[in-house]
Amino acid sequence: MIAKRGQTYLDLGIQHAGHVEACFDIALQAGASITDDLTPGIELADPVEIDREMVSFYKLKQAVPATKLEE
């Protein structure tokens with residue numbers, strides 16, 4: 001998966017695994033903390049799906065959560 005502008009590890013967990021719980025695995029595999037800033041365009045390993053219905057929702061709607069507050 002590729003991080004988009006304004007995304008956090010929590011956003012990626014929800015979008016690609018269907019649950020915020022996945023943010024810990026994503027960050028751990030990247031050697032980072034869930035509070036670290038993501039560089040737009042960085043490629044990260046896909047997490048294991050936790051909630052397939054939620055992942056399908058984001059794909060169907062082409063929704064990309066990006067909740068990082070920009071300064």
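The values are calculated or read from the model by the stated rules, or taken from the named source; none is laboratory data. Every value quoted in this text rests on a predicted model; they were computed, and no experiment measured them. Cβ: placed from backbone, ideal geometry, glycine included. Neighbour counts: every protein chain shown.
Given the criterion at pLDDT 95 or above, loosely packed, with under 13 Cβ neighbours inside 10 Å and out of contact with any Phe, Trp or Tyr (no Cβ under 6 Å at 6 or more places or on another chain), identify the matching residue among LEU69, LEU60.
LEU60
Looking at the structure I just gave you, is GLY6 more than 8 Å from the chain's Cα centre (by Cα) and under 16 Å from GLU70 (Cβ atoms)?
Working: more than 8 Å from the chain's Cα centre (by Cα): yes; under 16 Å from GLU70 (Cβ atoms): yes.
It is true that GLY6 is more than 8 Å from the chain's Cα centre (by Cα) and under 16 Å from GLU70 (Cβ atoms).
Filter region 15-31 for residues that are in a loop (DSSP other than H, G, I, E, B) and closer than 18 Å to LYS4 by Cβ and give the result.
Once the filter is applied, which keeps residues that are in a loop (DSSP other than H, G, I, E, B) and closer than 18 Å to LYS4 by Cβ, region 15-31 yields GLY18, VAL20.
What are the residues in region 36-52 that are surrounded by fewer than 21 Cβ atoms within 10 Å (Cβ to Cβ) and in contact with a Phe, Trp or Tyr (Cβ under 8 Å, 6 or more places away or on another chain), if any?
Result: ASP36, single match.
How many of the residues making up region 21-33 are buried (at least 16 other Cβ atoms within 10 Å of the Cβ) and of a type in the set (A, V, I, L, M)?
Residues that pass the stated criteria total 4.
Residue under question is ILE50, and the condition is that it be of a type in the set (A, V, I, L, M) and either assigned to a helix (DSSP H, G or I) or without any contact (Cβ under 8 Å) to a residue 24 or more places away in the chain (or both); does it hold?
no
What are the residues in region 11-20 that are under 16 Å from VAL64 (Cβ atoms) and surrounded by fewer than 20 Cβ atoms within 10 Å (Cβ to Cβ), if any?
Correct list: VAL20 only.
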